[in-house]
Ligand code: P6P
C-alpha cells in the first residue's frame with residue numbers, strides 16, 4: 001500500500017476503511033467524498049500558483065458579481081466551476097447549492113449509462129471562502145456539507161432538500177489552502193484531518209480524531225464590527241481580552257476556524273445594526289462548520305439557538321456566527337440569555 005511507504009493512511013484508504021464500519025454503506029458517500037478531494041487537488045494547484053498563473057485579481061475586470069453582490073475573483077469562478085463540474089459528474093449527487101450561483105444546480109443522470117435520474121445526496125458548497133486574501137497570499141478555503149435528499153430520488157431535488165438543520169448533515173468538511181493544504185471532514189464519527197503531499201498527489205491522515213482543547217486562548221473577531229454589534233459581544237470581547245486571550249483574525253473563516261480548533265478559540269461574527277442577519281451564510285459556511293465543531297467537542301450559536309438545530313429558510317440565508325470551543329461559546333450564550341431574561345423581566 002502507498003501508505004506503507006509513507007507511514008500514514010491515505011484519504012482513500014481511510015474513507016474505504018470507515019465505509020466498512022457501516023453495515024448499510026453502499027459506497028455512494030465514499031465516492032462523493034473522493035470526488036470532492038479530486039476537485040480540491042485541482043483548486044489547490046491554482047491557489048498555490050496564483051501569482052504565476054495569471055489567475056489572481058477580479059474576474060471580468062471587476063464587472064462580475066455573485067448572488068451575494070460580491071465582486072468575483074478569478075479564483076472564485078475557477079473554484080466554483082471545478083467543484084460544480086466534478087460534482088455534476090458524480091452519480092451520487094442530485095443537486096448542488098453554491099455560494100457563487102443564485103439557484104440550485106440540478107444534476108440529472110437519467111441520460112447517462114448507469115444513471116438513474118438524480119443522485120441521493122445534495123451538496124452545499126462555498127468553493128473559495130476568503131478569496132479576497134488570494135492576492136495577498138493569505139490562506140483561503142473551501143467549505144462543504146453533504147445532505148441526504150428528503151424528496152423522491154426519481155424527481156428533481158427540491159429546495160427543502162437543502163433547507164435542513166446541520167444536525168441532519170451526512171458529512172461536512174473544509175479544505176484549507178494554507179502553508180500546507182489540508183482536508184478536514186466528518187461523517188458523524190469524529191473529525192479527521194488530512195494533509196496534501198503534492199509530490200505524490202495524495203492526502204495523508206495527519207490529524208486523527210481532532211478535538212477542541214479544553215479551554216480557549218484565542219478570540220477571533222473583526223474589531224471594526226464590534227461597535228455596530230450587540231453590546232453583549234462587545235462586553236464579552238472586552239472581558240476575555242482583559243483576561244489575557246489573544247486576538248487572531250485572518251479574514252478567512254476556514255483559517256480562523258481551523259486554528260481555533262487546534263489551539264482552542266472562539267470565532268465571532270455578530271449581526272450589526274446595518275446587517276442584523278450577519279454576513280456569513282448558513283448553508284455553506286455556518287452549518288458545515290457547526291456540524292464539525294460539534295463533532296470535535298465544540299459548539300456554534302447565532303446568539304439565540306444552537307446552530308445544529310436551526311433550519312434555514314432560504315438558500316443564501318445569512319446568520320450571526322459564534323463558533324468554537326464549547327466553554328467559550330457557552331459563556332457567550334449565557335451572556336446573550338442573561339440580556340434576554342433582563343429584557344423580559
Ligand atoms: P470581514 C470572507 O469574505 C468571509 O466570508 C469569511 O471567510 C471571513 O471570516 C469573513 O467574510 C470576513 O469578513 O467583514 O471581517 O472582512
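Principal semi-axes of the equivalent ellipsoid, √(5λ) from the alpha carbon gyration tensor of the stretch 2-207, are 26, 24, 14 Å from largest down. Label zone of residue 275 (point 7 Å out along Cα→Cβ, amide N under 16 Å): in the stretch 115-148 this covers 129-133.
To make sure I understand, if each residue's beta carbon is the centre and we count other beta carbons within 10 Å, what order do 153, 245, 42, 182 fall in, fewest to most? Could you put the intermediate results ahead of the total?
Values: 153 12, 245 19, 42 16, 182 22.
Listed from fewest to most nearby Cβ atoms, that is 153, 42, 245, 182.
Per residue, the average separation of C-alpha pairs within less than 8 Å and at least 6 apart gives the stretch 218-344 a relative contact order of 28 percent. Helix content alone sets the calculated 222 nm mean residue ellipticity of the chain: runs of n ≥ 4 DSSP H residues at -39500 (n - 2.57) each, divided across all residues, give -9500 deg cm²/dmol. How far is helix 231-242 tilted off the main Cα axis of the chain, in degrees rounded to 10, range 0 to 90? Orientation of helix 231-242: about 90 degrees from the principal axis.
With neighbour counts taken as other beta-carbon atoms within 10 Å, the residues 341, 237, 47 rank, fewest first, as 341, 237, 47. Shape of the chain from the C-alpha gyration tensor: rounded (a/c under 1.5, with a ≥ b ≥ c the square roots of its eigenvalues). Once both labels are positioned 7 Å from their Cα atoms along Cα-to-Cβ, the gap between residue 214 and residue 12 label points is 4.1 nm.
Rounded to the nearest 0.05, what FRET efficiency is calculated for residue 199 and residue 340 with R0 set to 51 Å and r the Cβ-Cβ distance?
Values: r = 54 Å, r/R0 = 1.06.
So the FRET efficiency works out to roughly 0.40.
The stretch between residue 331 and residue 206 holds 41.9 nm of extra length on full extension. This uses 0.36 nm per residue minus the Cα-Cα distance.
Extension gain, residue 239 to residue 103, is 44.7 nm, computed as 0.36 nm per intervening residue step minus the present C-alpha separation. On the basis of the beta-carbon distance and an R0 of 22 Å, residue 160 and residue 180 show a calculated FRET efficiency of 0.05. If you run the Gaussian network model on the chain, springs between alpha carbon atoms under 10 Å, then out of 333, 287, 68 the most flexible one is 68.
Give me the percent of DSSP beta bridges within the stretch 218-344 that run antiparallel, rounded to the nearest 5.
Percent antiparallel among DSSP bridges in the stretch 218-344 is about 70.
Quick check: the angle from helix 326-344's long axis to the longest principal axis of the chain, C-alpha only, nearest 10 degrees? Tilt of helix 326-344: around 50 degrees. For the chain, set up a GNM with springs between Cα atoms under 10 Å and report which of 48, 63, 81 has the largest fluctuation. Top of the fluctuation ranking is 63. Computed over the chain with a Gaussian network model linking Cα atoms closer than 10 Å, the most mobile of 211, 41, 150 is 150.
What FRET efficiency, computed as 1/(1 + (r/R0)^6) with R0 = 22 Å and r the Cβ-Cβ distance, is obtained for residue 116 and residue 85, rounded to the nearest 0.05?
The pair residue 116/residue 85 has a calculated efficiency of 0.60.
Distance between the 7 Å Cα→Cβ label points at residue 135 and residue 64: 1.5 nm. For the listed peptides 304-314, 28-38, a ranking on the average number of other beta carbons within 10 Å per residue, highest first, reads 28-38, 304-314.
Taking the longest Cα principal axis of the chain as reference, the axis of helix 74-88 is set at about 50 degrees. With the highest mean first, a sort of the peptides 192-198, 10-16, 225-231 on other beta-carbon atoms found within 10 angstrom per residue produces 192-198, 10-16, 225-231.
Every number here is computed from the coordinates shown, using simple stated rules; none is lab data. What you see is a predicted model, and the numbers here were worked out from it, not measured in a lab. Positions of Cβ are generated from backbone atoms using ideal geometry, with glycine treated the same way; all protein chains shown enter the neighbour counts.
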